[in-house]
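The values are calculated or read from the model by the stated rules, or taken from the named source; none is laboratory data. These numbers come from a predicted model, not from an experiment. With ideal geometry, Cβ positions are generated from the backbone for all residues, glycine too; neighbour counts draw on all protein chains shown.
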Amino acid sequence: MEEKQLNEKESLELIAQMIRNTQLRIEKGNGIPFLIWGYTTVLVSLAVWYLFSTTGNPNWNYLWFLIPVIGFPAMMWAIRKQEKGVKTYIDTVISYVWIVLGIAGLVVSASAVFLWNLPILFIVVLMMSSGTAITGLIIKFKPIIFSGFAGILLSFLCLIVKGYESILLFALIFLVMMVIPGHILNWKGRSHV
Amino acid sequence: MFKPLDPLLHSELRLAIISILLSVEEADFVYLKEQTKSTSGNLSVQIDKLSEAGYIEVKRGFVGKRTRTVCKITRVGIKAFEEYVESLKGYLNLNK
């Protein structure tokens, strides 16, 4: 492409073509954030479940904070590595949704550990599944929408199941809600939607 | 009477840059180069012209050791683009 003068028709065609090319390129799906947070949560949950249930020592609950400690740097690394040269309005909206949920999740988790006795597993699953459903609706990707709403429903099981098993349930919900749809998103992209 | 077409936008490469930036929040130099299939030198000159006119905002930074130039359309650029399209419609008799 050079700096040449266009006639009016060519101008309109060029505008349409550039917008269309951009839209096609950003259609590619990206499940990496779901996989990072999903796997981190599942692995940390399993570690807490194993150590807490075998020793009975509640101090192992501090290990929950490994989720943000591992998750945030991993996300920063993934963002840098995946630099796609373009940022869309959808990217920004989704990142705002998760920044808000991440801050709220961290505050409520810290409150549950240090201040009050809260049904924290229920609250965290409800918050994160809502975020998943919102993300799915924004990117119009059915498996993510479905897993988000499934997570919302499954979160109530965390109020029913008690004891060490509730941690295993928590891990299972994250597996269903984030890890599996994250892989589907990576595999299929959004081209088929 | 036909409105004159903005000479800054009525050029293939500058119009392509503005059209891309209108549909995304921001795009870097490499992305714009790929999409417009232009040379680095020419793209750089056209980006500077659009930036000097206030149509786009250019941020230069680093990613690791590489420099990265990120462009974003401004309100002035959006308005200029809208006016340009309105003028085009006039020329093409699309205004009813």
query: Which condition does B:I56 not pass, out of (1) in contact (Cβ under 8 Å) with a residue 24 or more places away in the chain; (2) in contact with an Asp or Glu (Cβ under 6 Å, 6 or more places away or on another chain), if it passes all the others?
result: (2)
- request: Look through segment B:30-72, keep the residues that are in a strand (DSSP E or B), surrounded by fewer than 17 Cβ atoms within 10 Å (Cβ to Cβ) and among the β-branched types (V, I, T), and return whichever of them is farthest from the other protein chains (Cβ to nearest Cβ).
  value: B:V58
task: Residues being facing chain A (nearest Cβ under 7 Å), over 13 Å from A:N21 (Cβ atoms) and touching a Leu at 6+ places or on another chain (Cβ under 7 Å): count how many of those fall in segment B:14-29.
output: 1
- prompt: From the residues in segment B:7-29 that are in a helix (DSSP H, G or I), without any contact (Cβ under 8 Å) to a residue 24 or more places away in the chain and closer than 10 Å to A:V86 by Cβ, which one is farthest from the chain's Cα centre (by Cα)?
  reply: B:S23
query: Which one of the conditions (1) among the aliphatic types (A, V, I, L, M); (2) under 16 Å from A:V124 (Cβ atoms); (3) in contact (Cβ under 8 Å) with a residue 40 or more places away in the chain does A:I67 fail to meet, given that it meets all the rest?
result: (3)
task: Could you tell me which residue of segment A:41-87 is nearest to the other protein chains (Cβ to nearest Cβ), considering only residues that are out of contact with any Phe, Trp or Tyr (no Cβ under 9 Å at 6 or more places or on another chain) and surrounded by 18 or more Cβ atoms within 10 Å (Cβ to Cβ)?
output: A:K87
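Conditions tested, residue by residue: (1) farther than 28 Å from A:G163 by Cα; (2) at pLDDT below 90; (3) in contact with a His (Cβ under 7 Å, 6 or more places away or on another chain).
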| site | (1), (2), (3) |
| --- | --- |
| A:T92 | yes, yes, no |
| A:L106 | no, yes, no |
| A:A110 | no, yes, no |
| A:M128 | no, no, no |
